[in-house]
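Asker: Attaching a single structure in C-alpha cells format; questions to follow.
Every number in this text was worked out from the coordinates using simple rules, so none of it is lab data. Keep in mind it's a predicted model, so treat the numbers as computed, not measured. Quick reminder, even Gly has a Cβ in these numbers, built from the backbone with ideal geometry, and neighbours come from all protein chains shown.
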Amino acid sequence: MKTIIIFLAVSAFFCACKEARQTPSSVSPYQALADQYAEFTLTTDTSTLTENEKQVIPLLMKAADVMEVIYWQNAYGNRAALLDTVQDPYLAKYIAINYGPWDRLNGNAPFIPGVQAKPLGANFYPTDMTTEEFEALKDPRKTDWYSVLRRDENGNLKVVPFHEAYPAETAQAADLLKQAAALTEDAELKNYLNLRAAALLSDDYLASDLAWMDMKNNTLDIVIGPIETYEDALFGYKASHSGQVLVKDKDWSKKLALYAGYLPKLQENLPVEAAYKKEKANANPDMNVYEVIYYAGDCNAGSKNIAINLPNDPRVHAAKGSRKLQLKNAMQAKFDNILVPISQLVITPEQQKHIRFDAFFENTMFHEVAHGLGIKYTLKNKQDIRTALKDNYTSIEEGKADILGLYCITKLAEWNVLENKDLMDNYVTFIAGIFRSCRFGAASAHGKANMMQFAHFIESGAITQDPETGYYTVNFEKMKADITAIAREYITLEGDGNYEKATQLIQEKGIVSPALQKDLDKIANAGIPKDIFFKQGAEVLGLN
C-alpha cells in the first residue's frame, strides 16, 4: 500500500465519522474518535498460579505479539509506512485500535482524509484482482483458510500458504510456544502447545485443534493462529491471525458443566423439520469461564470479543464438538461501561429492572453454545455452509447464534434446568444489547446480525417504541414467538445453502433504519463508549 499523507483537518474529521462526539477545536480532532473506547485493565489473581505458570504467561504473550505483527499484514499491509507519518497521538491510538485507517465501528469508512475505501479482501488478495480472475484460478487451495493470494513474476495469481508468506514470524511464534511447552506442567496443555507450534509451520491445524479440545484440567490457555474469517469481506475464506491468553476461573466453570449435557436434547428440539436437525450435537462438557489477560491481532481489532466458540473446523465439530469460553472480566467491563448506560436511554423505565449481568452472561454463553447447534453441511450437496454462503456466512451464522441462544435459554427454563428463571431478564437485556452491537457498524458481522434482529422484532411487534419518550418495551409473548420463527428461518437458510436468500436478507434487514440511527445518535451524543481497549501485559500482572 502507498504511504498515506495525513491531513489533520477538523472539518474533514467531522465528515469522516458522524457518531463521534464533538470536541473543542483546541484539542486533537481525533480525540473524540479515540474516546469512543473506554480503557480497561486486564488482570487476574496471579497468587493462584504456580511459579512455572507465571513464567509461561510472558512467553504466551510474546507469541501473541507475533500474531499482532502478522495480523497487520492480513488487515492492512505495511504498518510502519502508515504509523511513521503520524504525529498526533490520538490519531496513532485510533489507527492502532483499528489496525489501519478504516473505522471498524463506522462501516470501515476511512477516518483519514484522502484514504481510499478499504479493500473487501483486506490484504489477503491483490487489490487489482477481479472476481473472474479468482474464479478462473485452477488451484484448489485458493479457498483454503490458511493462505494468501499473490502475483507471480508474470503477474498471474498464485496461492501462498501462511507459513511461506510469513516465514520469520511463524518460526518465531512456534519457537515461543515450544519454550512455553517446555515449562508447562499440564500434560494436555504441553501437547497442545507443541502441536500448535508445528501447525504454525505447516498450516495443518487439525491435530492441534483436536488436542485443544482434549484439554480439560488446564489453568492457562492460549487461542493462537489464524482463527476467524471476518476480515475477508470479499469471499469469507481467509482466516486472520489472533492471539488471546487466558486464565481459567475454575469455580465459575463448574457452574456451567451441567448445561453441556443438554446439547443433544436442544439439537433434537430445534424448531425445524427433521432433516435440518439430524446432525448430532456433542454433549461436550467443555463450557468454561476465563479471565482474559491478553488480546493481540484480530481479536483486538475494533470491538473486542467477550466469548469464544472454537474450533471452526467442521471436522472437529463432528469428532469432538467445540469449546465455549466465556471471558468474564471483559464481559463485565462491557456490561458496566456500555450496556447499563445504553439501557437507561432506550429501555422503558418499567423494564430496566430486567437489565442484569447474569442475563447478559447467559445470553453470551448460549450464543456460543448455539454455534454448535443446527446444521454444518447443506442438505442437497453436503457442502459446508461456510463455503456455501461465502461472504454472507458470518452475518447469518452470528444472527443464528444470537437467536438460537435465546431459544436455548427459553427451552432450558421450560425444562426447569435454569431454575427460578425470569426470561424477561434475558429478553430485555438482549434488546439493550442490540443497540450496543449495532454501534459496531455494518462492516461487522455481529452488527449486521443485530440489525436484522432489530428489524424482525419491530415488524413482529416484539418490541415497540413510545413515540413521545423514545423508550422501547418488550412484549414477552411476541418476542418468544419471534425467536422461534427467526431461529427456524436461519437454520433452514443454512441447511439449504441459499446464498441468494442470505444476500437478500442482509440487504433488506442488515441495515441501520432511520429510526435506529436516531437511537444510535442519541447514544453517541450521551458520550457512552462504543467499546473497550486494554491496558495489558506482563507488567500489569506483576510478571516482569
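Asker: Measuring from a point 7 Å past the Cα of Asp313 along Cα-to-C-beta, which residues in the stretch 189-209 have an amide N at less than 11 Å?
Answerer: Residues 196, 199-200, 203-209 fall inside that zone.
Asker: Once each part is reduced to its C-alpha centroid, what is the distance from the stretch 356-370 to the stretch 109-126 in angstrom?
Answerer: Answer, in whole Å: 34.
Asker: Give the residues of the stretch 251-276 whose amide nitrogen is closer than 18 Å to a point set 7 Å from the Cα of Ala481 in the direction of its Cβ.
Answerer: Zone members listed by number: 271-272.
Asker: Looking at the square roots a ≥ b ≥ c of the eigenvalues of the Cα gyration tensor of the chain, which shape do they give, rounded for a/c under 1.5, prolate if a/b is larger than b/c, or oblate?
Answerer: In terms of gyration-tensor shape, rounded.
Asker: I would also like to ask the following. Arrange the following residues from fewest to most other Cβ atoms within 10 Å of their Cβ: Lys250, Lys138, Lys178, Lys118.
Answerer: Placing the least packed residue first, the sequence is Lys138, Lys250, Lys178, Lys118.
Asker: Right, another one. Calculate the spin-label point distance for Lys178 paired with Lys535, positioning each point 7 Å from the Cα along the beta-carbon direction, and give it in nanometres.
Answerer: 3.8 nm
Asker: Per-residue HN-Hα couplings for the stretch 259-274, Karplus 6.51 cos²θ - 1.76 cosθ + 1.60 at θ = phi - 60°, whole Hz, x for Gly and Pro?
Answerer: 5, 4, x, 8, 4, x, 5, 5, 4, 5, 9, 4, x, 9, 5, 3
Asker: Now a separate question. Provide Trp102, Trp415, Trp145 in ascending order of the number of other Cβ atoms located within 10 Å of each residue's Cβ, fewest first.
Answerer: Going from least to most buried by this count: Trp415, Trp145, Trp102.
Asker: Ok, one more. Report the Cα centroid-to-centroid distance between the stretch 133-191 and the stretch 221-267 in angstrom, as an integer.
Answerer: Their Cα centres are 21 Å away from one another.
Asker: Shifting gears a bit: Treating only the Cβ of Lys, Arg, Asp and Glu as charged (+1, +1, -1, -1), what charge dipole size does the chain show about its Cα centre? Round to the nearest 20 debye.
Answerer: 360 debye
Asker: By a straight-distance test (C-alpha under 21 Å), which lysines pair with Lys138 as possible cross-link partners, with residues fewer than eight away in the same chain excluded?
Answerer: The qualifying lysines are Lys158, Lys238, Lys390.
Asker: Would you compute, from DSSP H runs of 4+ residues alone, the mean residue ellipticity of the chain at 222 nm, taking -39500 (n - 2.57) per run and dividing by the full residue count, rounded to the nearest 500?
Answerer: The helix contribution divided over the chain gives -14500 deg cm²/dmol.
Asker: May I ask you to sort Glu398, Glu53 by Cβ crowding, counting other Cβ atoms within 10 Å and putting the fewest first?
Answerer: If I rank by nearby Cβ atoms, fewest first, I get Glu53, Glu398.
Asker: Ok, one more. Pairs Lys62/Lys142; Lys118/Lys142; Lys54/Lys178: which exceed 19 Å Cα-Cα?
Answerer: Those over the limit are Lys62/Lys142; Lys118/Lys142.
Asker: Right, here's the next one. Identify, among Gly461, Phe533, Leu345, the residue whose Cα sits farthest towards the positive end of the charge dipole of the chain, taking +1 on the Cβ of Lys and Arg and -1 on the Cβ of Asp and Glu, with the dipole about the Cα centre.
Answerer: Working it through, the farthest residue towards the positive pole turns out to be Gly461.
Asker: Roughly what would the spin-label model give for Ala117 and Asn381, points 7 Å off Cα along C-beta, in nm?
Answerer: Label-label distance for Ala117 and Asn381, simple model: 2.9 nm.
Asker: Let's test the formula: R0 of 45 Å, r as the Cβ-Cβ distance of Thr46 and Asp358. What FRET efficiency results, to the nearest 0.05?
Answerer: E between Thr46 and Asp358, to the nearest 0.05, is 0.95.
Asker: Sequence-distant or interchain residues sharing an amide H contact under 5 Å with Ser242, placed H: which?
Answerer: Gly225, Ile227, Asp298
Asker: When the Cα centres of the stretch 394-408 and the stretch 448-488 are compared, how far apart do they sit, in Å?
Answerer: 15 Å
Asker: Enumerate lysine pairs in the stretch 433-544 that are 8 or more residues apart or on different chains, then count those whose Cα atoms are under 20 Å apart.
Answerer: Value for the stretch 433-544: 11.
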